[in-house]
Amino acid sequence: MRRLLLPIALLIAALAVPAGAGAYTLGVSDQQAGTFTNPDFAALKFKAARYITPYDVMESPADKAQLDAWLNAARGARQKILVSFEHSHRSNSRALKAPSVAAYTKELKKFKKAYPFVRDISPWNEVNRCHALRDGSVQGQPTKICSLTTGPKLTAQYYMAARKVFTGSKYRIVGLDVLDEQNVNKTIKYLQSFLRHASPDPKIIGFHNYSDTNRFSTTRTKRVLQTFRGKVWLTETGGIVKLGSSFPFSTSRAAKALGCMFTLAKSNSRVSALFVYQYNAPPNPATAFFDAGLINPDGTPRPGYATVKSRKARSCHK
């Protein structure tokens, strides 16, 4: 009788799991080293952490110092590390220029030599987000990278270059990080073109589904999962507290969006990682353009913190 009970119990547990759902790694995407020593961070039980750094970080002492501090803190908190590259930070003129594949490859080799313990690599962050100047610095990516005409081919070349630098089964390459946008059609066209140029097809892509999460929708995420048949990591997603005039300041709305985020992550077994952006609020939320922090500037938790701690999913319908 006892031999029969265990298989029956396992069958019941299997039937309780929604169709297509699967386990995923929960991580955080945040740029501050202090995140990992915050008294409330450990309770969220994140397993992975993502950091965005310029592709030429080895040429910039200031950027390298920030990266070193972040890596030391993340490793101290026993996080699995994902590094995503983007444009140069050394000057606005450099930020607006996409590097040649040869120059890009040269910088990645330097990075690999300096940080052999970083095994998860994203060749370029938010490839379809075109640049804008905000507070005197470049936000987004060079026009050549985000353009539907030139971008997919170039970012596919960066992906293939990263594969040649980070060789072996111990490395995982996230083919590209793409933003959903309110109108996902351009995103899908970019992804389709990238896949035509990339060889071999990546096993993983990164998707930033802010629009679905914060508009309480599933459409954009489903479209990406239909277009790409491999693993999808939600390398940036979260509850937007404030975004310009599109999303006025609201921590309660952001907490509800985080519930939808968990529903989206559980909707398909090919969603195998989720990185919440971000842990910290900007220093002055009142004047900030973007805010998705789980905690206030004074360190007190926001409602979204409790949502992430409980992993409480909610409907993606208003």
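The values are calculated or read from the model by the stated rules, or taken from the named source; none is laboratory data. Not measured: the values here are computed from a predicted model. Glycine gets a Cβ as well: all are built from the backbone with ideal geometry, and neighbour counts include every protein chain shown. Keep in mind that these areas ignore ligands, DNA and RNA; they rest on the heavy atoms of the full protein, side chains included. Shrake-Rupley method; radii C 1.70, N 1.55, O 1.52, S 1.80 Å.
Observations on the structure shown:
- Filter pass, Thr35 being in a helix (DSSP H, G or I) and either in contact (Cβ under 8 Å) with a residue 24 or more places away in the chain or open to solvent by less than 30 Å² (accessible area, probe 1.4 Å) (or both): yes
- Test: residue in segment 240-252 that is within 19 Å of the chain's Cα centre (by Cα) and among the small types (Gly, Ala, Ser): no
Every residue, every condition in (1) assigned to a helix (DSSP H, G or I); (2) touching a helix residue (DSSP H, G or I) at 6+ places or on another chain (Cβ under 8 Å); (3) modelled with pLDDT under 95; (4) of a type in the set (D, E, K, R), yes or no:
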residue	(1), (2), (3), (4)
Arg3	yes, no, yes, yes
Leu10	yes, no, yes, no
Ala14	yes, no, yes, no
Ala19	no, no, yes, no
Asp40	no, yes, no, yes
Thr53	no, yes, no, no
Ala62	yes, no, no, no
Asp68	yes, no, no, yes
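- Selection from segment 263-318 of residues that are aliphatic (A, V, I, L, M) and over 20 Å from the mean Cα position of the chain (by Cα): Ala286, Ala288, Ala306
- Sole residue being over 20 Å from Pro152 (Cα atoms) and either touching a residue at least 60 places away in the same chain (Cβ under 8 Å) or out of contact with any Phe, Trp or Tyr (no Cβ under 9 Å at 6 or more places or on another chain) (or both), chosen from Thr227, Thr213, Thr237: Thr213
- Of the helices (runs of 4 or more DSSP H) contained entirely in segment 199-318, those carrying at least 1 residues that are in contact with a Pro (Cβ under 6 Å, 6 or more places away or on another chain) and open to solvent by 10 Å² or more (accessible area, probe 1.4 Å) fall at 251-266.
- Given (1) touching a residue at least 60 places away in the same chain (Cβ under 8 Å); (2) more than 22 Å from Leu234 (Cα to Cα); (3) of a type in the set (Ser, Thr, Tyr), index of the condition Ser122 fails: (2)
- Ile188 being assigned to a helix (DSSP H, G or I) and among the β-branched types (Val, Ile, Thr): yes
- Test for Arg215: is it of a type in the set (Lys, Arg), under 20 Å from Arg50 (Cα atoms) and out of contact with any helix residue (DSSP H, G or I) (no Cβ under 8 Å at 6 or more places or on another chain): no
- Within segment 161-191, tally of residues that are closer than 24 Å to Phe216 by Cα, touching a residue at least 24 places away in the same chain (Cβ under 8 Å) and not aromatic (Phe, Trp, Tyr): 12
- Failed criterion for Ala132 (all others in (1) within 21 Å of the chain's Cα centre (by Cα); (2) small (Gly, Ala, Ser); (3) at pLDDT 95 or above hold): (3)
- Subset of segment 37-88 (residues that are under 23 Å from Thr105 (Cα atoms), of a type in the set (Gly, Ala, Ser) and touching a Phe, Trp or Tyr at 6+ places or on another chain (Cβ under 9 Å)): Ser84, Ser88
- Identity of the residue in segment 110-153, farther than 23 Å from Gln182 by Cα and part of a helix (DSSP H, G or I), that ends up least open to solvent (accessible area, probe 1.4 Å): Phe111
- Residue count for segment 80-96, restricted to those that are outside any helix (DSSP H, G or I) and either surrounded by fewer than 20 Cβ atoms within 10 Å (Cβ to Cβ) or not polar (S, T, N, Q) (or both): 11
- Any hit, segment 166-181, residues being under 21 Å from Ala98 (Cα atoms), of a type in the set (Gly, Ala, Ser) and part of a strand (DSSP E or B): yes
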